[in-house]
Amino acid sequence: MPSRYLQMATQGRETARAARPPIDSYYSTVGDDNLFRHAEPMPAGAAEIVRAEPRLPTAMQPQAKQKTPQELGDEYFQKAVNFHEQGDFVSATGYFKRAADKHNPLGMLFYGLSLRHGWGCQPNENLAFVFLQRAGEQVVPHVKDMDPAVAGMAREELGMAIYELGQSYRHGWGVSRNKKTAAYYFEVAAELGDADSQADLGACYEKGDGVKRDMKKAAHYYRLAHKQGIEMFGTSWIFKKKYESD
């Protein structure tokens, strides 16, 4: 699985983890015998009273708060990532599917990629395309109404999903091959800031692949990808003045 995707998908969670105190800080005092050495002894017979105190009927006992589908989707996706990093692709794909079933966009995206490439499952390009399409559709309606910080992550998710749709059309994975449609999806994802889409769209314009050949546009998108750390060999020409946009 491309590490870029996992890094983007988990960076928010890593930031949250970094803000938490180390696990020892939660348990260091609880596990310290000194905590109980100066406690007052329990009055005689108190232990028997405590043991004899009637318990609430099960129906009246406090119930654990049930998780929302969104929380479950996030939880399943994180488990999938952990399994994938451990090399257990079968379990990872199973949890990607469970996340997808909870309408988690990243779950849909990675389950689609798992189906396409056969990561821990039988390849199924047609079904892969369906889940990649759903991943994009799940995010699109909500991006404009989201908090800017959340919308930024959603745009990244959307860009990844649309890029993979472009790849499906470019290679004919689960859908009829169509270079023009592939270039269209690359352009949409490139405008969302997806670096791989910017690089691939640059190649489309350089070769006239699905679009009219345009070296200035090719240089423009190659430069955008380069700024985001995409390494491309043989593209030093993109920095020449004659290829700058008008």
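May I ask you to derive the FRET efficiency for F239 and K179 from their Cβ-Cβ distance with R0 = 25 Å, giving the value to the nearest 0.05?
So the FRET efficiency works out to roughly 0.35.
Once you've got the Cα coordinates, tell me which of K180/K242; K179/K207; K179/K216; K217/K241 are over 18 Å apart.
Pairs exceeding 18 Å: K180/K242; K179/K216.
Using per-residue counts of other Cβ atoms within 10 Å, averaged over each peptide, order 184-194, 158-168 from highest down.
So the peptides 184-194, 158-168, ranked by packing, come out 158-168, 184-194.
May I ask you to evaluate 6.51 cos²θ - 1.76 cosθ + 1.60, the Karplus curve with θ = phi - 60°, for each residue of segment 225-240 and list the ³J(HN,Hα) values in order in whole Hz, giving x for glycine and proline?
These are the phi-based 3J(HN,Hα) values: 5, 4, 4, 8, x, 6, 8, 9, 7, x, 10, 4, 4, 5, 9, 6 Hz.
Taking a cut-off of 30 Å between Cα atoms, list the lysines near K67, but don't count ones fewer than 8 places away on the same chain.
Correct list for K67: K79, K97, K102, K144.
Each value in this text was obtained by applying a stated rule to the coordinates, not by laboratory testing. Remember, predicted model here, so these are calculated numbers, not experimental data. Here the Cβ is made from the backbone with ideal geometry for all residues, glycine too, and neighbour counts use every protein chain on show.
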